[in-house]
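Here the structure comes first, spelled out in structure tokens, and everything after it is commentary.
The values are calculated or read from the model by the stated rules, or taken from the named source; none is laboratory data. None of these values were measured; they are calculated from a predicted model. We place every Cβ from the backbone using ideal geometry, glycine too, and count neighbours over all the protein chains shown. The protein model used for the area step is the full one, side chains on, heavy atoms only, and it has no ligands, DNA or RNA in it. Shrake-Rupley method; radii C 1.70, N 1.55, O 1.52, S 1.80 Å.
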Amino acid sequence: MDEDLSAATRCVVAGREAQPGAQVGAPLVLTSTYRAGGSRIYGRTEHPTWEAFEEALGALEGGESLVYSSGMAAVAAVLSLVPLGGRVVAPTAAYNGVLSTLAHREEEGTLTVNRVDPTDAEGVIRALEGADLLWLESPSNPLLEVADIRALAAAAAQRGVLCAVDNTFATPLGQQPLALGADLVVHSVTKYLAGHSDVVLGAVVTGPTAAGRALRERLARHRTLHGAVAGPLETWLALRGLRTLHLRLERASANAAELVRRLTGHPALERVRYPGCGAIVSVDVAGGAEAAEAVCRRVRLWVPSTSLGGVESQVERRRRWESESAAVPEGLLRLSVGIEDVGDLWRDLDSALRG
Ligand SMILES: *Cc1c(COP(=O)(O)O)cnc(C)c1O
């Protein structure tokens, strides 16, 4: 694809077939196998609907992508690159599925984990010596902490440590970790990329270099052999969602910035967390768990639910999950701001906060 196309145009055209007579919408192909003699063999190994989505996401991230059955399947594929007994440097607070997987792998003795504060670059760099993988998530879920990906990826590369960045929150429109020096980008496609709260899907993106291609081959083999393959319908829906990613994010981010302006200093809140961009805002409700739960019961327009990144605004008290990091305050509500009218969102949230 044209190198100089803007990200918005890429969202619309990437992965689209160009030959005369080609269908303009991506093909939704339902087949488990292919007639012998061609380049495709079996539906667990290759699929035309995956290829369209993978080309589109690769074009947005500046690399080559592989789609998986979920974000966690993508995480598991990246962790498969760590040798048995290897060491992972990972944040103390991040997406709780990733933290739980690392804790489980540590308990069974197949990995060791160094937990670090990703905002303390020197501390992270000290932990890198002899490690196999640096795991970053920036901004992080749900504390919205920001890591210096460029500095940390460079330090990892110097020490021969692979660097993976979970880019679910920022999306490729917010940052492109490969260009910042990361080796691997992970997405819960379930969230912003698909964007309509109707699919569970994941992806890994690798760089367009020889080293990136070698990683991609190992990941593709893991996908084929472990079988965490994406359904064609889910992949097709995700590509359809991706076509409007730039518009959805533009509106959701503008809504989030306006809500942050109005929420700052709100009498029901102790703190507003916002990295200055994106559409996730976390707020610490005064009065802790009980007060925060009451807000979730009182909202009418906001949807009390787990997950994020859909067109609809969602709210969740994260510590309702036992697996959530203890670094997350009991009264923290994660707000995933959607694309509704911001005045309506504000009235509903403000009245729920006031009780
Ligand atoms: C949701 C999420 C995941 C896991 O993705 P699933 O699609 O739910 O498997 C990973 N990382 C982050 C940051 C997430 O928010």
* Asked: Which members of the stretch 152-161 meet the condition of being in contact with a helix residue (DSSP H, G or I) (Cβ under 7 Å, 6 or more places away or on another chain) and open to solvent by 10 Å² or more (accessible area, probe 1.4 Å)?
  -> Arg159
* Take the stretch 128-181 and flag every residue that is more than 19 Å from the chain's Cα centre (by Cα) and of a type outside the set (A, V, I, L, M, F, W, C). => Glu129, Gly130, Asp132, Gln158, Arg159, Gly160
* To do: Identify all residues within the stretch 182-191 that are within 12 Å of the ligand (Cβ to nearest atom) and open to solvent by 10 Å² or more (accessible area, probe 1.4 Å); write none if there are none.
  => Ser188, Thr190, Lys191
* Asked: Is it the case that some residue within the stretch 98-120 is within 16 Å of the ligand (Cβ to nearest atom), touching an Asp or Glu at 6+ places or on another chain (Cβ under 7 Å) and assigned to a strand (DSSP E or B)?
  -> no
* Looking at the stretch 288-300, which of its residues are crowded, with 16+ Cβ neighbours inside 10 Å and in a loop (DSSP other than H, G, I, E, B)? -> Val299
* Just to be sure, is Leu215 away from the ligand (no atom under 16 Å from the Cβ), open to solvent by less than 40 Å² (accessible area, probe 1.4 Å) and closer than 18 Å to Glu55 by Cα? -> yes
* Restricting attention to the stretch 62-77, which residues are closer than 14 Å to Asn167 by Cα and over 14 Å from the mean Cα position of the chain (by Cα)? -> Gly62, Gly63
* Asked: List pairs: first in the stretch 62-80 and assigned to a helix (DSSP H, G or I) and more than 10 Å from the ligand (Cβ to nearest atom), second modelled with pLDDT of 95 or more and open to solvent by 10 Å² or more (accessible area, probe 1.4 Å), Cβ under 8 Å, 6+ apart or cross-chain?
  -> Ala77/His222; Ala77/Arg223; Ala77/His226; Ala77/Ala228; Leu79/Thr101; Leu79/Arg105
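If I filter the stretch 192-212 down to residues being hydroxyl-bearing (Ser, Thr, Tyr) and buried (at least 21 other Cβ atoms within 10 Å of the Cβ), which single residue comes out as nearest to Ser65 (Cα to Cα)?
For the stretch 192-212, the residue satisfying everything is Thr206.
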* Considering each of Ala131, Ala93 in turn, give the residue that is surrounded by fewer than 24 Cβ atoms within 10 Å (Cβ to Cβ) and within 16 Å of the ligand (Cβ to nearest atom). => Ala93
* Selection from the stretch 165-181 of residues that are within 11 Å of the ligand (Cβ to nearest atom) and among the aliphatic types (A, V, I, L, M) -> Val165, Ala170
* Restricting attention to the stretch 122-142, which residues are within 20 Å of Ser325 (Cβ to Cβ) and assigned to a helix (DSSP H, G or I)? -> Gly123, Val124, Ala127
